[in-house]
Amino acid sequence: MSAFNPRHRDTLAGQISIALYRISQAMGFLLRERGLQLDLTPAQIQALLFLKYARPGVRTIGGLSERLKVAYATSSGVADALERKGLLKRSVVPEDLRVVKLALTPAGEELVAQVEGVLDVIEAAVNHLPEEEQSSLAHALKIIVRELHGAGYVRVYEMCRGCQFFRKDAHPENPQEPHHCAFMDAPLREADTYLECPEFAPANG
Ligand code: SF4
């Protein structure tokens, strides 16, 4: 039975599904409201956040398409609009001229700072729960997200800590890039290990 049917809400799964739907509606509303205040669309807000927190190698038009789950032409349009507003700049990778890199301008960085608290109200609501309930909720949501990820409905971007490809302190001789990513087979700077990566795979499976 559909979670939209109130009769279905006498099951826990039905109650939880509709609650998650309402939370997603609240998030959509918050994004639209903040966007209206700053003259940004929800996709532009997501693009700005992506450019601030994704690892440098994926900050490209292609990487943005994957992040927004839209076609290349659509993400290129989002980047065009942000470029016209002076919030990002493009550059090409000399080794592969088909790859268009994206980076925030100082004005873009400033605007992200005004945008990134958009989910604070959700976090405040979670903080009203006792720690034990937060811990159970975090565990349960992680499992649900993993299932949705496995089914291809969502892509999980996470930082290196906790990733099965992360090799901490693998290059003690190189203080600039002391860690290693076994997926890319490349050294990692400490700061980059705190950025979001689409190739993240949980260490426990
Ligand atoms: S694959 Fe894992 S270790 Fe490599 S950069 Fe991504 S999150 Fe970090």
* Sequence-distant residues sharing a close amide H with F200 (under 5 Å, placed H) -> E158
* Per residue Cα convex hull volume in Å³ - calculated over segment 158-205 -> 58 Å³
* Nearest 10 degrees, 0 to 90: helix 72-84 Cα axis against the chain principal axis -> 70 degrees
* List the equivalent ellipsoid semi-axes of the chain in whole Å, largest first, each obtained as the square root of 5λ for an eigenvalue λ of the Cα gyration tensor. => 31, 25, 17
* Structure fact -> Exposure proxy check on E83, E147: fewest-to-most Cβ neighbours within 10 Å is E147, E83
* Structure fact -> dims of segment 1-117, Cα set, principal axes, largest to smallest, nearest Å -> 59, 31, 22
* Structure fact -> To the nearest 20 debye, segment 96-176 has a Cα-centred charge dipole, built from +1 on Lys and Arg Cβ and -1 on Asp and Glu Cβ, of 520 debye
* Positive-pole candidate from H180, F165, G152, dipole of the chain, charges at beta carbon -> G152
* Selected from A13, A43, A138 as most flexible by GNM, with the chain as the system and alpha-carbon contacts under 10 Å -> A13
* What's the local net charge at D39, with K and R +1, D and E -1, over the other residues with C-beta under 13 Å away? -> +3
* Asked: Using alpha carbons only, how many degrees (0 to 90, rounded to 10) separate the axis of helix 12-38 from the longest principal axis of the chain?
  -> 50 degrees
* To do: Determine the dipole magnitude for the chain: charges of +1 sit on the beta-carbon of Lys and Arg, -1 on that of Asp and Glu, nothing else is charged, the reference point is the Cα centre, and the result goes in debye to the nearest 20.
  => 680 debye
* Taking the Cβ of C160 as the centre, find all other residues whose Cβ is under 9 Å away and add up their charges (Lys, Arg: +1; Asp, Glu: -1). => +1
* Positive-end residue, segment 43-150 charge dipole about Cα centroid, Cβ charges, pick of A81, L48, N127 -> A81
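No lab work stands behind these numbers, since they all come straight from the coordinates. Keep in mind that what you see is a predicted model, and the values were worked out from it rather than measured. Glycine also receives a Cβ, built like all others from the backbone with ideal geometry; neighbour counts cover every protein chain displayed.
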